[in-house]
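> This is the structure I have questions about; it appears just below.
The values are calculated or read from the model by the stated rules, or taken from the named source; none is laboratory data. Because the structure is a prediction, the values reported are computed rather than measured. Using ideal geometry, Cβ is built from the backbone for each residue, glycine included, and neighbour counts are taken over all protein chains shown.
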Amino acid sequence: MQRHYRLTPLEYWIEDMYKRIQITQPSQLGIFEIAQKLNVWVYFMEMGSQAMDRNGVYSICINRRISPQEQWEDFLHELCHVLRHSGNQVEMSDEFMDMQEVEANAFQLYAAIPYSMFKQLELPQTQHEIIDLLAVEFRVTHALAQRRLEQIQRRVLQGIMDQAIRNKMDADMRKYDAVNWSAATHTIMNQLSDQLRRKGVH
């Protein structure tokens, strides 16, 4: 599975960030651990989760009425806005805000279950058991664990298909390599070369 999975540029960015702040194990993934390392203030309030930038001081407000797993997932979504989308969203076009939301959703999946940590796990046999394991190991909701697992499986399948296409193209190219020609093909190609030389075509 590992050799067929390809990280996206955003995944590389997140993996590099975690490496920089020395987050290497699922047990280190948590709101306070990451907020402290990244100098982000976190508040728990009875309101929808959101990120704020006050003169370069970044804060994330988390809805205190939701589960710890949902709070962690909301934190990661808002953390993407803090780290990659600082600015006043009120002044942005709807299209640009939509693009930021798409990236924040992807960031949430990658940061909640980083592939570098996922590939270290010993996975059980069934899809249901793997989702249970991811939910417990990474302290996320089953819904997020399922989305991330399905995403990884799609990427692996795409990697396998891409490799098969590359292998087929390589095999096709080898057919045209003179080293692999049959004796009859060599004879025909030599005759063709002689004819072209006689006509003055080099």
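Let's see how each residue does on (1) farther than 20 Å from E73 by Cβ; (2) of a type outside the set (A, V, I, L, M, F, W, C):
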| residue | (1), (2) |
| --- | --- |
| D98 | no, yes |
| L109 | no, no |
| S116 | no, yes |
| L123 | yes, no |
| D132 | no, yes |
| T141 | no, yes |
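> Sticking with this one: Can you pull out the residues in the range 152-202 that are part of a helix (DSSP H, G or I), of a type in the set (D, E) and at pLDDT below 75?
Of everything in the range 152-202, those that are part of a helix (DSSP H, G or I), of a type in the set (D, E) and at pLDDT below 75 turn out to be D170, D172, D194.
> Has the range 54-74 got at least one residue that is touching a residue at least 60 places away in the same chain (Cβ under 8 Å) and farther than 25 Å from V136 by Cα?
For the range 54-74, residues touching a residue at least 60 places away in the same chain (Cβ under 8 Å) and farther than 25 Å from V136 by Cα: absent.
For every residue, the table says whether it meets (1) at pLDDT 85 or above; (2) not in a helix (DSSP H, G or I).
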{"site": "D53", "(1), (2)": "no, yes"}
{"site": "S59", "(1), (2)": "yes, yes"}
{"site": "W72", "(1), (2)": "yes, no"}
{"site": "G87", "(1), (2)": "no, yes"}
{"site": "V90", "(1), (2)": "no, no"}
{"site": "D98", "(1), (2)": "no, no"}
{"site": "E101", "(1), (2)": "yes, no"}
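> Among the candidates Q36, Q50, Q22, single out the residue that is out of contact with any Pro (no Cβ under 9 Å at 6 or more places or on another chain), surrounded by 14 or more Cβ atoms within 10 Å (Cβ to Cβ) and polar (S, T, N, Q).
That would be Q50, the only listed residue that is out of contact with any Pro (no Cβ under 9 Å at 6 or more places or on another chain), surrounded by 14 or more Cβ atoms within 10 Å (Cβ to Cβ) and polar (S, T, N, Q).
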